[in-house]
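Here is the structure we will look at.
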Amino acid sequence: MSKPALLKQLRAEWITPERFQPYGQVITPSEDGKPYDRSDAQLNLQNGVPRFYIMRLHKRGRKFHKITRHSQCTQCLGSLEGKDWFIAVAPPSEANEPDLEKLAAFRIPGNCFIKLEVGTWHAGPYFEHDVVDFYNLELSDTNIVDHFTHSFLKSHNLEFELCS
């Protein structure tokens, strides 16, 4: 008989560009006509055909035990309708699992989006709403050929809950 998983609370901080920098970028509104610069999403979509779509998610809650990384592209995520949401991240790595000591969580308002660096471990989006639509920019085959997932349940008998 297996032991029940250990539930670990992971505090989610409101996202800022400085706090999120090890994992990617926070993109906020800018005035029309602003020239392209480092504040714009620095994308890496050169390894395939980009896919930009709206992803509908239902009742995700705040618990997770799996985390994923993509090593061939950046990924952008943002919610529609101004809904806030949560994500857990760990710095990019080629290791078979993220560094637990560097796992962080963020609360993201509905007026910005995030760009995940290539290789950034991520779990989410998570939220308390019934339904949230997210725009998602990645490669057309990311979820088929570039989707490495690690299970903390299998490796550490561990589950996380995002709290604010």
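Restricting the range 141-150 to residues that are loosely packed, with under 14 Cβ neighbours inside 10 Å and either in contact with a Pro (Cβ under 8 Å, 6 or more places away or on another chain) or polar (S, T, N, Q) (or both), the residue that is nearest to Phe52 (Cα to Cα) is Asn143. Condition check: of a type in the set (D, E, K, R) and either open to solvent by less than 50 Å² (accessible area, probe 1.4 Å) or assigned to a loop (DSSP other than H, G, I, E, B) (or both). Does Glu159 satisfy that? It is false that Glu159 is of a type in the set (D, E, K, R) and either open to solvent by less than 50 Å² (accessible area, probe 1.4 Å) or assigned to a loop (DSSP other than H, G, I, E, B) (or both).
The values are calculated or read from the model by the stated rules, or taken from the named source; none is laboratory data. Predicted, not measured: the structure shown is a model, and the values here were computed from it. Positions of Cβ are generated from backbone atoms using ideal geometry, with glycine treated the same way; all protein chains shown enter the neighbour counts. Just so you know, the surface numbers come from the protein's heavy atoms only, side chains and all, with ligands and any DNA or RNA stripped out. Shrake-Rupley method; radii C 1.70, N 1.55, O 1.52, S 1.80 Å.
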